[in-house]
Every structure is written in C-alpha cells, then in structure tokens.
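Here's the structure we're looking at; comments come further down.
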Amino acid sequence: MKVINYKDYEKLIFQLAGKWHKRLNIELSDAIGQANISYCYALKTFDETKGLFSTHLYEKIIGRYRDFYTKEKNKIHTITTNCENTYIANNDLSELFDKISPDASFVLKLVIDNPENLISSTTKRLNKQAVTKYLKSQNWSLSKIKLIFREIKKYL
C-alpha cells in the first residue's frame with residue numbers, strides 16, 4: 001500500500017476550499033477546515049483497488065461542501081429575509097442598539113428596515129458582500145465597513 005502524504009494533496013485541498021468558500025459565502029478558514037476533515041475521512045475510507053486517492057479525496061470534499069450547502073439553505077438564520085417579511089429571532093434589539101456605535105446601529109437598521117435594497121444581484125439573497133457594496137456606494141471606506149462588521153459580530 002502506498003503511503004499517502006498530506007503535502008501531496010494540500011494544493012487540491014486549498015484549491016477546493018478557495019472555490020467553495022466563495023461559492024458558499026463562508027470564511028476561508030472554515031472551508032479549509034471542512035476540506036481537512038474530508039481528507040481525514042478520505043484516508044479512512046480509501047480503497048486503492050477502486051481508483052486514485054486524489055479522485056476519492058475530491059469526491060469526499062465536494063460531497064462535504066454540498067452537504068454543508070444543503071444544510072445552510074435549510075437552516076433557520078437569526079435574520080431571514082424574503083423581501084416581504086423580516087423575522088428577528090432576538091426581540092430585545094433595543095439593548096443591542098444601546099451597546100453599539102451609531103455607525104453599527106445605522107448598518108443594522110439598514111439591514112432590518114430595508115433588506116430588499118440590499119439583496120445581492122448574483123445570489124438573490126442578503127449577504128455581507130451586498131451590504132458592503134451598498135455602503136461603498138454611500139462613500140464608506142472598506143476599513144470602516146470591516147470595523148463596523150467586526151463590532152456587529154462581537155455583539156451578535
């Protein structure tokens with residue numbers, strides 16, 4: 001049996017993680033983590049009589065991302081928007097608005113009150129990139145936008 005070395009497949013793992021992190025709109029580190037878990041699973045389930053390890057690994061990684069995508073699509077998010085209704089899981093938003101800066105409050109109110117204006121044209125849903133694009137169109141700097149997103153994430 002041939003020894004399987006991680007370094008031999010690292011490029012494939014990182015390429016697929018890079019592709020799927022964009023497609024699924026998840027952090028690159030999360031995409032790499034999922035690919036590494038798939039690598040471990042592929043090591044356990046590989047049968048060299050049935051083909052190459054690279055093909056087996058590719059199928060395991062892609063399968064994991066597809067499962068993740070399906071679960072994410074069906075998951076109930078804290079904020080779900082369908083352009084007609086906005087459902088907020090946390091009904092105690094007044095406390096949150098008291099804790100955050102005025103700029104962060106502006107962004108949250110924008111997302112809660114006018115989600116239809118922020119729907120991404122490519123994904124047809126509300127996401128971080130769509131909000132960033134809108135704020136840039138309002139002459140906000142990218143560094144300011146990132147700072148505000150970090151602040152919001154800290155309190156949510």
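Would you check which residues across the range 1-34 are surrounded by 16 or more Cβ atoms within 10 Å (Cβ to Cβ), over 19 Å from R66 (Cβ atoms) and of a type in the set (S, T, N, Q) and list them? Result: no residue meets the conditions.
Only residues that are within 17 Å of S105 (Cα to Cα) and touching a residue at least 40 places away in the same chain (Cβ under 8 Å) were counted across the range 128-145, and they come to 2.
Note on the range 45-65: residues that are assigned to a loop (DSSP other than H, G, I, E, B) and touching a Phe, Trp or Tyr at 6+ places or on another chain (Cβ under 6 Å) total 1. Here G18 does not fit the description of being under 26 Å from Q129 (Cα atoms) and modelled with pLDDT under 90.
The values are calculated or read from the model by the stated rules, or taken from the named source; none is laboratory data. Every value quoted in this text rests on a predicted model; they were computed, and no experiment measured them. As a convention, Cβ positions derive from the backbone with ideal geometry for all residues, glycine included, and neighbour counts pool all protein chains shown.
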